[in-house]
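Let me begin by presenting the structure, written as structure tokens, before commenting on it.
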Amino acid sequence: EPEVTQTPSHQVTQMGQEVILHCVPISNHLYFYWYRQILGQKVEFLVSFYNNEISEKSEIFDDQFSVERPDGSNFTLKIRSTKLEDSAMYFCASSELQTNEQFFGPGTRLTVL
Amino acid sequence: AQTVTQSQPEMSVQEAETVTLSCTYDTSESDYYLFWYKQPPSRQMILVIRQEAYKQQNATENRFSVNFQKAAKSFSLKISDSQLGDAAMYFCAYRGNTGNQFYFGTGTSLTVIP
């Protein structure tokens with residue numbers, strides 16, 4: 001069964017550094033998403049992406065964040081200058097249509113020191 | 001903004017017994033989608049069951065069923081004949097009819113006792 005994959009599984013970085021989190025959505029899916037979960041808190045929506053542009057974003061998704069689909073398979077989340085509070089589990093998801101269930105990847109745990 | 005509340009941070013159930021996980025939500029929309037996701041330890045979230053708000057009939061998937069009370073804005077998950085593999089974190093999620101984002105609850109950690 002096709003799955004969403006994410007790399008790396010764990011990323012450690014210094015505050016102020018840039019990080020790029022990688023995701024490979026399911027191949028025939030058209031909608032892509034990033035969520036994050038700070039330890040002990042809710043899973044929070046960051047952004048959705050369709051047809052090579054952001055379709056929706058939350059207040060969390062400020063100018064420090066960007067997303068890109070550099071080729072036909074990858075979907076990346078970039079954090080330009082990481083802050084301590086960016087430490088969280090970041091989940092990528094994809095869906096075939098807007099109304100369908102979202103399939104989640106295993107997450108990347110980001111630790112900012 | 002929509003909110004999803006799971007009031008049970010932890011639940012436990014004896015193997016083969018039935019357990020119900022609670023979820024309530026707040027919305028002004030009349031049409032929306034509700035989901036239960038399961039997240040086993042160190043693994044990704046997988047969909048357990050979904051419910052469209054316009055459908056009056058409660059969704060059922062094998063041992064999993066929901067009690068959807070639209071007026072009360074309640075969406076509980078019932079797991080029958082619990083198995084050891086059901087042990088996981090369970091998240092309730094809401095998605096409106098417009099927009100893409102899911103709103104998640106804080107999760108309920110389910111332990112299955114052999």
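We did not get these values from a lab; they are worked out from the coordinates using the rules stated. This one's a predicted model, so the numbers in the text were calculated from it and none came from an experiment. Cβ atoms come from the backbone with ideal geometry, glycine included; neighbour counts cover every protein chain shown.
Give me the Kirkwood hydrodynamic radius of region B:1-41 in Å, from all C-alpha pairs, to one decimal place? Don't jump to the answer; show the numbers that get you there.
Values: mean 1/r = 0.0781 Å⁻¹.
Roughly 12.8 Å, rounded to one decimal.
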Taking θ = phi - 60°, what integer Hz values does the Karplus form 6.51 cos²θ - 1.76 cosθ + 1.60 yield along region A:60-70, in sequence order, with x for Gly and Pro? 5, 7, 8, 5, 6, 9, 8, 10, 7, 10, x
Shielding by other protein chains, A:32-45, mean Cβ within 10 Å: 4
Toward the positive end of the charge dipole of the protein assembly as shown, about the Cα centre and with charges on Cβ (Lys, Arg +1; Asp, Glu -1), which of B:Phe91, A:Gln64, A:Pro2 goes farthest? B:Phe91
Assuming a viscosity of 0.890 mPa s and a temperature of 25 °C, what translational diffusion coefficient in µm² per second does Stokes-Einstein assign to the protein assembly as shown, Rh being the Kirkwood radius over Cα pairs? 135
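Which of A:Lys42/B:Lys78; A:Lys78/B:Lys70; A:Lys83/B:Lys73; A:Lys57/B:Lys70; B:Lys38/B:Lys73 have a Cα-Cα distance over 31 Å? Intermediate results must be reported in sequence, preceding the final value.
Values: A:Lys42/B:Lys78 22 Å; A:Lys78/B:Lys70 39 Å; A:Lys83/B:Lys73 37 Å; A:Lys57/B:Lys70 28 Å; B:Lys38/B:Lys73 21 Å.
Pairs exceeding the cut-off: A:Lys78/B:Lys70; A:Lys83/B:Lys73.
Taking the Cα centre as origin and putting +1 on Lys and Arg beta-carbons and -1 on Asp and Glu beta-carbons, what dipole magnitude results for chain A, to the nearest 20 debye?
So the magnitude is around 300 debye.
How many partner chain Cβ atoms sit within 10 Å of a residue's Cβ in peptide B:94-106, on average, as a whole number?
6
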Apply the Karplus curve 6.51 cos²θ - 1.76 cosθ + 1.60, θ = phi - 60°, to the phi angles in region B:105-114 and return the couplings in whole Hz, x for Gly and Pro. x, 7, x, 10, 8, 9, 10, 10, 8, x
Chain B: relative contact order as a whole-number percent, Cα under 8 Å and 6+ apart: 37
